[in-house]
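These notes are about the structure you will find just below.
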Amino acid sequence: MSPRTSRVLAVIGIFAIAAGLGAAAMQDDGRTWKVHAKDRPQPDMVEPGRASTGERPGTAPSDAIVLLSEGSGLDAWSNGKWTFADGVMQVKPGTGDTLTKASFGDCQLHIEWMIPADRECNGQAGCNSGVFFQDGKYEVQILGSNPNQTYPDGQAGSMYGQYPPLVNPCRPNGQWNAYDIIFTAPRFAEDGSLLAPATATVFFNGVVVQNHSEFMGLTSHGSKAKYSKHDTEGRIKLQDHGDPINFANIWVRPLPERERAW
Ligand code: MG
């Protein structure tokens, strides 16, 4: 064996010992798991919801918190002046935004929306709403965008004022659109400095339009977004922008913080 080969074997040996020690530490640590550990908890069974067809709203998976469904009424929402019929909630223009009564941190949100067939969309006017996380701080824009041109970071599926959607899969007015959003709340240090930004992954009618995009700060109109410290949980808000936008089949699944396996 050459001196070089023996040195290589010695280094491999040290790594093997370190890995073995690491494995032992993992076994003793309740938070972590060995690769392919059979005693790791099985994921819960969940009955999936029914997919939206484009004309008909879908239904929620069995473990979701339902915010709007066929028979829900407006119980989950703060603004009782918005209208509700046959599972559809509509913005009552001029009555203000509506917010969930409950608060959420990291979550998966499903929401379906439709611009009335007879609406005329002209840039930001006529067909505008928005879904906001954390008490109105982070907006994914809702806008009639088929056809309708506006500034790209303000069209449907944009993280308003920050990122345009990667593509535009918006359906025409009179048809239902669906967002599936994975939102991660920002994390702040005690002194208010940002530890991790808020992020959003957005599927728009099944098409990825935001891929784990980082919010640059709280949504703002016409100015650069900035962060300021806030709680990890907040209400979900739908915007009254003066237009009678329809909503259906809204549900949310709070997401746990994942532990590292090793
Ligand atoms: Mg908006």
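The values are calculated or read from the model by the stated rules, or taken from the named source; none is laboratory data. Just so we're clear, the structure is a prediction, and the values are computed from it rather than from any experiment. Here the Cβ positions follow ideal geometry from the backbone for every residue, glycine too, while neighbour counts run over all protein chains shown. Remember, those area values only see protein heavy atoms, side chains included, never the ligands or the DNA or RNA. Shrake-Rupley method; radii C 1.70, N 1.55, O 1.52, S 1.80 Å.
Below is a table of values for the structure above.
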| item | result |
| --- | --- |
| Difference of contour (0.36 nm per residue) and Cα-Cα distance, Ser103 to Lys224 | 40.9 nm |
| Accessible-area ranking of Leu67, Leu194, Leu166, largest first, probe 1.4 Å | Leu166, Leu194, Leu67 |
| Sites Ala196 and His36, calculated FRET efficiency, Cβ-Cβ separation with R0 25 Å, nearest 0.05 | 0.25 |
| In degrees, nearest ten, helix 3-28 long axis to first principal axis of the chain (Cα) | 60 degrees |
| Under the Debye formula (equal points on every Cα, no solvent term), log10 I(q)/I(0) of the chain at q = 0.08, 0.10, 0.16 Å⁻¹ | -0.41, -0.58, -1.19 |
| Partnerless Cys - the chain, beta-carbon criterion under 4.7 Å | Cys107, Cys170 |
| Rounded FRET efficiency, nearest 0.05, which uses the C-beta distance separating Ala125 from Asp63 and R0 of 41 Å | 0.55 |
| Highest-fluctuation residue, Ala117, Ala76, Ala198 considered, GNM on the chain with Cα pairs under 10 Å | Ala117 |
| Debye, to nearest 20: dipole size of segment 65-254, +1 on Lys, Arg Cβ, -1 on Asp, Glu Cβ | 180 debye |
| Heavy-atom accessible area order for Met45, Met216, largest first, 1.4 Å probe | Met45, Met216 |
